[in-house]
1. Where q = 0.09, 0.18, 0.20, 0.22 Å⁻¹, what log10 of I(q)/I(0) comes from the Debye formula for the range 1-107, counting one point per Cα?
2. What distance in nm separates the simple spin-label points at Ala42 and Ser143, each placed 7 Å from Cα in the Cβ direction?
3. Can you pull the one-decimal nm distance between simple spin-label points at Glu66 and Val20, each 7 Å off the Cα toward Cβ?
4. Want the number for Gln102 to Val77: 0.36 nm per residue separation, take away the alpha-carbon distance, what's left?
5. Relative to the first principal axis of the alpha-carbon coordinates of the chain, what is the inclination of helix 4-31, with its axis defined by its Cα atoms, in degrees from 0 to 90 and to the nearest 10?
6. Could you give the nm distance between label points at Val11 and Val50, where each point is 7 Å from its Cα heading toward the beta carbon?
7. Can you pull the percent of the range 49-94's accessible area that's carbon plus sulfur, 1.4 Å probe, other chains left in place?
8. Calculate, for the chain, the solvent-accessible area per residue in square angstrom, rolling a 1.4 angstrom probe over the heavy atoms of the protein chains.
Amino acid sequence: MPGALAWYRRVIAAGVCLMVGVLGGIMALVWAGWSWALAWGAAVLVAFVVSWFVAGAFRRSWGFVEGQSELYLTYGVLLRQLVVVPYGRMQVVDMTADILEQAFGIATVRIRTAASTADTRVLGLPLEQAVQLRGRLAARSESFSTGL
């Protein structure tokens, strides 16, 4: 399912906007009146519409390629980034899927390296593809080990 990552992010955005909208609307209604509560609701609705379209752009921005000795990741909507992870620097390759990701049939492959404190992630892969990628990366990290 190619658009599962976008739908996953849209559901998350809907939940957050619903909670922020209801709680903020109630507080605005109690402290400031109907006009402020309606303004708050309109602002939250605009934020949801923007996040709906950004979710699609976010999904389209993610990509990865397995090279001869490195994994290349690219992502970013407003600021494009390219991350190069040498197979020999990979220490842990695991796969995670929260309950909502499981419902959409997607998973995240996480790569922890020796040189970085941050995780590198490949998001929104179909479950079977994530399992295969995790296996390939784990095998390559062992064969390219740099003796750390």
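The values are calculated or read from the model by the stated rules, or taken from the named source; none is laboratory data. Since the structure is predicted, the reported quantities are computational estimates derived from the model, not experimental observations. As a convention, Cβ positions derive from the backbone with ideal geometry for all residues, glycine included, and neighbour counts pool all protein chains shown. We work out accessible area using only protein heavy atoms, side chains counted, and drop any ligands, DNA or RNA first. Shrake-Rupley method; radii C 1.70, N 1.55, O 1.52, S 1.80 Å.
1. Debye intensities relative to I(0), on a log10 scale: -0.38, -0.97, -1.07, -1.15.
2. Roughly 6.1 nm, to one decimal.
3. 3.8
4. Details: separation 25, 0.36 × 25 = 9.00 nm, distance 2.50 nm.
Working it through step by step, the gained length comes to 6.5 nm.
5. That helix lies at roughly 30 degrees to the long axis.
6. According to this spin-label approximation, the distance is 2.5 nm.
7. On the way: 1710 of 2750 Å².
Carbon with sulfur: 62 percent of the solvent-accessible area.
8. Values: 9090 Å² over 148 residues.
Ligands and nucleic acids excluded, the figure is 61 Å² per residue.
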